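Written out below as structure tokens is the structure these notes cover.
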Amino acid sequence: MRSTRPFNRLLSGLAAIALLGVAAACGSSAADSADNPYDLLRPGTLRVGTLSDAPPNVYLKDGRFTGFDNDLLTAVAGKVGLKVEFVGTEFSALLAQVNNHKFDVGSSSVTITEARKKTVDFGNGYDFGYFGLDVPAGSPIKGFDQLKGARVVVVQGTVQDDYATKEGLDPVRVPDYNGAINQLKAKTADAWISPAEIGEKSAQESSGKIVLVEKQLSSAPTAYVVAKGNDALRELLNKGLDQVIEDGTWTRLQEQYYPGRPVPDTFKPGSGAVAFPPVKAGPSATPAATPSA
């Protein structure tokens, strides 16, 4: 009878090699987890999806992504020991891209809504906002209550899109803010429902072709977004946000990007547990805000 010992030895050797491979893989996974506890695409760096055409909130200037949202996020990241890499995208794709891990964070004045919570997780609110109503110069439209039957343009996927749809306005949807602005300048649209800060800036830079005629305070704050279930990163950003609120960075950026804009008494940035130096409010160049519908 032929001996099976050499064959058994071979099986034992292969089993031992397999076990070593499993142990090495487990060890590598543990090491990777320790080196990258926030599940970032590149350890130590936040890859951030943002927009290039929405000043003063998020925009590209001299080859650099800037604006209130992005400068604030850079400061937040610095507090918690992370670098930031900004990448341009379209708003309509941003939330899905964050949840699919193309980006670690979304930064684009994203308003917190129940519908969006099904796609991404939100950090604490860092800003309040208004809906704006922009029209071509000389338009008879002076308020939101005059939009029935008008050709209204919105950026696809925004809360302004949601508002126009709920109001039964059958809006024309465009992928970015430049598309909306160009329609107003060409008078192929009667009105644009905008984030008011962006609408105001666009009107100021339109050489008199666009006018912001009314504002409404949004019912929810804006926040940075992370992939569903990434609680570690969300909590880290919340921690850094409270630190830049407390040290005055949030106040300084408010005054830099929104000079004269008062902070509503109902709004508390971050966790709400830290105080911030008062924002200097002064006369604004825009109409007074009214409660949102």
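Looking at ALA75, is it at pLDDT 50 or above, out of contact with any Phe, Trp or Tyr (no Cβ under 7 Å at 6 or more places or on another chain), under 30 Å from GLU246 (Cβ atoms) and hydrophobic (A, V, I, L, M, F, W, C)?
Answer is yes for this residue.
When the residues of the range 217-245 are narrowed to those that are crowded, with 20+ Cβ neighbours inside 10 Å and over 17 Å from the mean Cα position of the chain (by Cα), which ends up farthest from VAL80 (Cα to Cα)?
Out of the qualifying residues, it is ILE245.
In the range 157-190, what count of residues is obtained for those that are closer than 20 Å to GLU90 by Cβ, at pLDDT 95 or above and not in a helix (DSSP H, G or I)?
Final tally of qualifying residues: 5.
In the range 148-193, how many are under 23 Å from THR119 (Cβ atoms) and β-branched (Val, Ile, Thr)?
7
Out of all the residues in the range 146-156, is one or more in a helix (DSSP H, G or I), at pLDDT 95 or above and more than 22 Å from PRO269 (Cβ to Cβ)?
Yes, the range 146-156 has at least one match.
Please find, among ASP104, ASP69, ASP134, the residue that is surrounded by 17 or more Cβ atoms within 10 Å (Cβ to Cβ), in contact with a Ser or Thr (Cβ under 9 Å, 6 or more places away or on another chain) and not assigned by the TED database to the domain that holds LEU236.
One residue alone meets the criteria, ASP134.
Would you mind telling me which numbered condition in (1) open to solvent by 60 Å² or more (accessible area, probe 1.4 Å); (2) farther than 16 Å from GLN160 by Cα; (3) at pLDDT 95 or above; (4) not assigned by the TED database to the domain that holds THR119 ARG252 fails?
With respect to (1) open to solvent by 60 Å² or more (accessible area, probe 1.4 Å); (2) farther than 16 Å from GLN160 by Cα; (3) at pLDDT 95 or above; (4) not assigned by the TED database to the domain that holds THR119, ARG252 is out only on (4).
So which residues in the range 170-196 are touching a Pro at 6+ places or on another chain (Cβ under 6 Å) and closer than 21 Å to GLY157 by Cα?
LEU184
The values are calculated or read from the model by the stated rules, or taken from the named source; none is laboratory data. Bear in mind that the values here come from a model prediction, so they are computed numbers and not experimental data. So basically every Cβ, Gly included, is an ideal-geometry build from the backbone, and we count neighbours across all protein chains shown. Quick note on the areas: whole protein, heavy atoms, side chains included, nothing else; ligands and nucleic acids left out. Shrake-Rupley method; radii C 1.70, N 1.55, O 1.52, S 1.80 Å.
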